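Quick one: this structure, given as structure tokens, is what I'll be asking you about.
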Amino acid sequence: MKRYFSILFLIIFIRPIFGQALSPYLNLPQSPISAGAGWIGAAIPMKDAAGFYYNPANLGFLSKENNLSLFVMPQKTKWVPKLVSDVTFESYGAAAGYNFEKENEDLPLSIGVGYLHNNFDYGHYLMNDSYDCFSIGAGYDYILQFNLGFSIKSFSSVLSDIYTNNEIQTVE
């Protein structure tokens, strides 16, 4: 009995630590739609090309109606320009999917893939954070709608260029 209680305690009360909590820019909403919705992109299904960042299962929902979605910030966004003028943020991505129900009504399945790239440049601090997110999601619609997704995220942080041993070295 103690073993089962211990496992239940761990499941309920221990919170995992994710890499996204280490750098605040990784928690920024990836699109204006997500920002306008109060950053609840994981909680509701969205028809947003960048909506799969927090919830890759959203690709199954998105691909029911959209075969291709693009998300591009045409220029770098100045982040807090009144405090620091050269800190910028840029993002772009794409999502593609297919709804198999269009060809066969007996197969209510939709599958989508997505890619998202973000870059946060700290300007004269010579620091840069960037990441790439690759996701796949599927949706099955039979009486209830079921969605499932998976993401792989690659992060890179360039902390600074430092002067050591009479040469400049990049710390990553």
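The values are calculated or read from the model by the stated rules, or taken from the named source; none is laboratory data. As the structure is a prediction and not an experimental result, all values here were calculated from the model. Positions of Cβ are backbone-derived with ideal geometry, glycine not excepted, and every protein chain shown enters the neighbour counts. Just so you know, the surface numbers come from the protein's heavy atoms only, side chains and all, with ligands and any DNA or RNA stripped out. Shrake-Rupley method; radii C 1.70, N 1.55, O 1.52, S 1.80 Å.
On the basis of being open to solvent by 40 Å² or more (accessible area, probe 1.4 Å), in a strand (DSSP E or B), more than 15 Å from SER69 (Cβ to Cβ) and touching a Ser or Thr at 6+ places or on another chain (Cβ under 6 Å), does SER130 make the cut?
In short, no.
For region 85-127, give me each residue that is surrounded by 17 or more Cβ atoms within 10 Å (Cβ to Cβ) and among the charged types (D, E, K, R).
Answer for region 85-127, where residues must be surrounded by 17 or more Cβ atoms within 10 Å (Cβ to Cβ) and among the charged types (D, E, K, R): just ASP121.
If you go through region 143-157 one residue at a time, do you hit one that is surrounded by 15 or more Cβ atoms within 10 Å (Cβ to Cβ) and modelled with pLDDT of 90 or more?
yes
A further question follows. Residue by residue through region 100-153, note down the ones that are within 21 Å of the chain's Cα centre (by Cα) and of a type in the set (Gly, Ala, Ser).
SER110, GLY112, GLY114, SER130, SER135, GLY137, ALA138, GLY139, GLY149, SER151 - these are the residues of region 100-153 that are within 21 Å of the chain's Cα centre (by Cα) and of a type in the set (Gly, Ala, Ser).
Restricting attention to region 60-79, report how many residues are open to solvent by less than 70 Å² (accessible area, probe 1.4 Å) and either of a type in the set (Phe, Trp, Tyr) or within 16 Å of the chain's Cα centre (by Cα) (or both).
Summing the residues that are open to solvent by less than 70 Å² (accessible area, probe 1.4 Å) and either of a type in the set (Phe, Trp, Tyr) or within 16 Å of the chain's Cα centre (by Cα) (or both) in region 60-79 gives 6.
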